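The values are calculated or read from the model by the stated rules, or taken from the named source; none is laboratory data. Worth saying up front: this structure is predicted, and the values here are computed from it rather than measured. Counting neighbours? That spans all protein chains shown, and the Cβs are built from the backbone with ideal geometry, glycine included. Remember, those area values only see protein heavy atoms, side chains included, never the ligands or the DNA or RNA. Shrake-Rupley method; radii C 1.70, N 1.55, O 1.52, S 1.80 Å.
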Amino acid sequence: MTITNLNDLVSAGLTRDSATALAPVTDQFRLRITPEMAQTTPGVARQFVPSLAELLIRAEELADPIGDHVHEPAPGVTHRYPDRVILHATQTCEVYCRFCFRRETVGAAGPLSDEALDQAIDYIAATPAIWEVILTGGDPMTLSPRRLKALIDRLAAVPHVEVIRFHTRVPVVAPDRVDEALLAALRTRPAVYVVIHTNHPAELTAKACAALARLVGAGVPLLSQSVLLKGVNDDVATLESLFRALIRNRVKPYYLHHADLAKGTSHFRTTVAEGQALMQALRGRLSGIALPTYVLDIPGGHGKVPIGPAYIQTGDGHHMVSDPKGERHLYHDPT
Ligand SMILES: *Cc1c(COP(=O)(O)O)cnc(C)c1O
Ligand code: SF4
């Protein structure tokens, strides 16, 4: 059963008292858990089940933590880097993640209106620097295959758009949606890349892995993004197991995001130093192709950057480089 309200949580085993206490949380932030995710482990469930801790809103938690609205030249479009734009074709998701940096807006509306979509596509068509269109959260794969095909066809008609990238949780949280109609929509001229959002190895159920295999079979390159979350995946064993499972399923781990400053999410946030220590422990122990880049989206819309750990310190005329064990070595550029 798909859980969308507190009564559903009671049916799923929560006590009535606990559910009632959560009402102030679900009044503020939407609830939705697919059957696949409701049936997994506590570590996975923590990402979706509301918690009273969300009522603690800290001063530094901004409504738009990554500045999506700072660079919005057309409805649903975020244009921060010259060669690529984000297009928020819908606000709907299959699950609502408690830590989502767009939690203020996701679920508030469905797909962009026809008028808004026309304006967004006009902007993309009129901006030759746009090489890649990124369809992201809400979750673009909640659109019907018919709508997606129409959108992809319109983007494909823009000669300078050479890549269409999806960021989606659907193949993992609602794998049945990856059907023949969706796959057919993805077989097209601009190269389609799919970035799977997944945070815990237990999310990769047999059905999720089968959906990934269908995408690979359709010739779609797969990458992943994960969010570093306290109490979910902030230990070496869980991350190692997640990244190995992804590679085994032909998904290249792309980004590990430091948790954003979304409202009411401080219980999920690690420190940057903790994230760096985890990445350092994974380097050397885990195949290089399984290692993602640890990134921070700088609050205020200043962009995403790798945040280490740093292996090199540059002094005048020399570099001090640390190896995976932490031992330091001097390196000089040959002159
Ligand atoms: C994250 C992001 C992108 C994509 O960045 P990549 O580093 O190419 O994955 C593009 N535009 C905006 C506004 C973003 O936040
Ligand atoms: S946009 Fe992504 S992270 Fe946010 S609620 Fe939807 S699926 Fe979860």
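All but one of (1) within 13 Å of ligand 2 (Cβ to nearest atom); (2) open to solvent by 60 Å² or more (accessible area, probe 1.4 Å) hold for Lys149, so report the exception by its number.
(1)
Pick from Glu180, Glu104: which is within 13 Å of ligand 2 (Cβ to nearest atom) and of a type in the set (Asp, Glu)?
Selected residue: Glu104, the only one of Glu180, Glu104 that is within 13 Å of ligand 2 (Cβ to nearest atom) and of a type in the set (Asp, Glu).
In segment 240-272, which residue that is among the polar types (S, T, N, Q) and open to solvent by 40 Å² or more (accessible area, probe 1.4 Å) is nearest to Leu228 (Cα to Cα)? Before you say what the answer is, go through the steps one by one.
Applying the first criterion (among the polar types (S, T, N, Q)) to segment 240-272 yields 241, 249, 265-266, 270-271.
Narrowing further to those that are open to solvent by 40 Å² or more (accessible area, probe 1.4 Å): 241, 271.
Numbers: Ser241: 14, Thr271: 10 Å.
That would be Thr271.
As an exercise: evaluate Asp83 against (1) of a type in the set (Asp, Glu); (2) surrounded by fewer than 18 Cβ atoms within 10 Å (Cβ to Cβ); (3) within 15 Å of ligand 2 (Cβ to nearest atom) and give the number of the one condition it does not meet.
Asp83 satisfies every listed condition except (3).
Filter segment 11-26 for residues that are part of a helix (DSSP H, G or I) and open to solvent by 40 Å² or more (accessible area, probe 1.4 Å); which is nearest to Glu54 (Cα to Cα)?
Filtering first and then ranking leaves Pro24.
Are any of the residues in segment 195-202 more than 21 Å from the chain's Cα centre (by Cα), open to solvent by less than 10 Å² (accessible area, probe 1.4 Å) and of a type outside the set (Asp, Glu)? Full working, then the answer.
Start the filter on segment 195-202 by keeping residues that are more than 21 Å from the chain's Cα centre (by Cα), which leaves none.
No, segment 195-202 contains no residue that is more than 21 Å from the chain's Cα centre (by Cα), open to solvent by less than 10 Å² (accessible area, probe 1.4 Å) and of a type outside the set (Asp, Glu).
Can you tell me which condition Asp64 does not meet? The list is (1) touching a Phe, Trp or Tyr at 6+ places or on another chain (Cβ under 9 Å); (2) among the acidic types (Asp, Glu); (3) away from ligand 1 (no atom under 16 Å from the Cβ), and all the others hold.
Failing condition for Asp64: (3).
Which of the residues that make up segment 103-126 are under 21 Å from Thr168 (Cα atoms), part of a helix (DSSP H, G or I) and more than 16 Å from ligand 1 (Cβ to nearest atom)?
Leu117, Ile121 - these are the residues of segment 103-126 that are under 21 Å from Thr168 (Cα atoms), part of a helix (DSSP H, G or I) and more than 16 Å from ligand 1 (Cβ to nearest atom).
Would you mention how many residues in segment 129-173 are closer than 24 Å to Cys209 by Cα and not basic (Lys, Arg)?
Residues flagged as closer than 24 Å to Cys209 by Cα and not basic (Lys, Arg) within segment 129-173 amount to 21.
Quickly run through segment 273-320 and pick out the residues that are among the hydroxyl-bearing types (Ser, Thr, Tyr), surrounded by fewer than 13 Cβ atoms within 10 Å (Cβ to Cβ) and assigned to a loop (DSSP other than H, G, I, E, B).
From segment 273-320, those among the hydroxyl-bearing types (Ser, Thr, Tyr) are 287, 293-294, 311, 314; that's our starting set.
So of that shortlist, the ones also surrounded by fewer than 13 Cβ atoms within 10 Å (Cβ to Cβ) come out as 287, 314.
Ser287 - this is the single residue of segment 273-320 that is among the hydroxyl-bearing types (Ser, Thr, Tyr), surrounded by fewer than 13 Cβ atoms within 10 Å (Cβ to Cβ) and assigned to a loop (DSSP other than H, G, I, E, B).
Could you list all residues from segment 46-56 that are open to solvent by 30 Å² or more (accessible area, probe 1.4 Å) and outside any loop (DSSP other than H, G, I, E, B)? Please lay out each step first, then the result.
Within segment 46-56, the subset open to solvent by 30 Å² or more (accessible area, probe 1.4 Å) is 46, 49, 51-53, 55-56.
Matches in segment 46-56: Leu52, Ala53, Leu55.
Of the conditions (1) open to solvent by less than 30 Å² (accessible area, probe 1.4 Å); (2) among the basic types (Lys, Arg); (3) free of Cβ contacts under 8 Å to residues at least 60 places away in the same chain, Arg169 clears all except one; give me its number.
Arg169 satisfies all of (1) open to solvent by less than 30 Å² (accessible area, probe 1.4 Å); (2) among the basic types (Lys, Arg); (3) free of Cβ contacts under 8 Å to residues at least 60 places away in the same chain except (3).
Which one of these is within 16 Å of ligand 1 (Cβ to nearest atom) and either out of contact with any Phe, Trp or Tyr (no Cβ under 7 Å at 6 or more places or on another chain) or not in a strand (DSSP E or B) (or both): Ile152, Ile134?
Working: Ile152 fails: within 16 Å of ligand 1 (Cβ to nearest atom).
Selected residue: Ile134, the only one of Ile152, Ile134 that is within 16 Å of ligand 1 (Cβ to nearest atom) and either out of contact with any Phe, Trp or Tyr (no Cβ under 7 Å at 6 or more places or on another chain) or not in a strand (DSSP E or B) (or both).
Considering every residue within segment 35-45, establish whether at least one is surrounded by fewer than 20 Cβ atoms within 10 Å (Cβ to Cβ) and in contact with an Asp or Glu (Cβ under 6 Å, 6 or more places away or on another chain).
No, segment 35-45 contains no residue that is surrounded by fewer than 20 Cβ atoms within 10 Å (Cβ to Cβ) and in contact with an Asp or Glu (Cβ under 6 Å, 6 or more places away or on another chain).
With respect to Pro73, determine if the residue is surrounded by fewer than 16 Cβ atoms within 10 Å (Cβ to Cβ) and out of contact with any Ser or Thr (no Cβ under 9 Å at 6 or more places or on another chain).
Details: surrounded by fewer than 16 Cβ atoms within 10 Å (Cβ to Cβ): yes; out of contact with any Ser or Thr (no Cβ under 9 Å at 6 or more places or on another chain): no.
No: the conditions fail for Pro73.
Looking at (1) at pLDDT 95 or above; (2) of a type in the set (A, V, I, L, M, F, W, C); (3) open to solvent by less than 30 Å² (accessible area, probe 1.4 Å); (4) assigned to a loop (DSSP other than H, G, I, E, B), can you tell me which one Ala129 breaks?
It is condition (3) that Ala129 fails.
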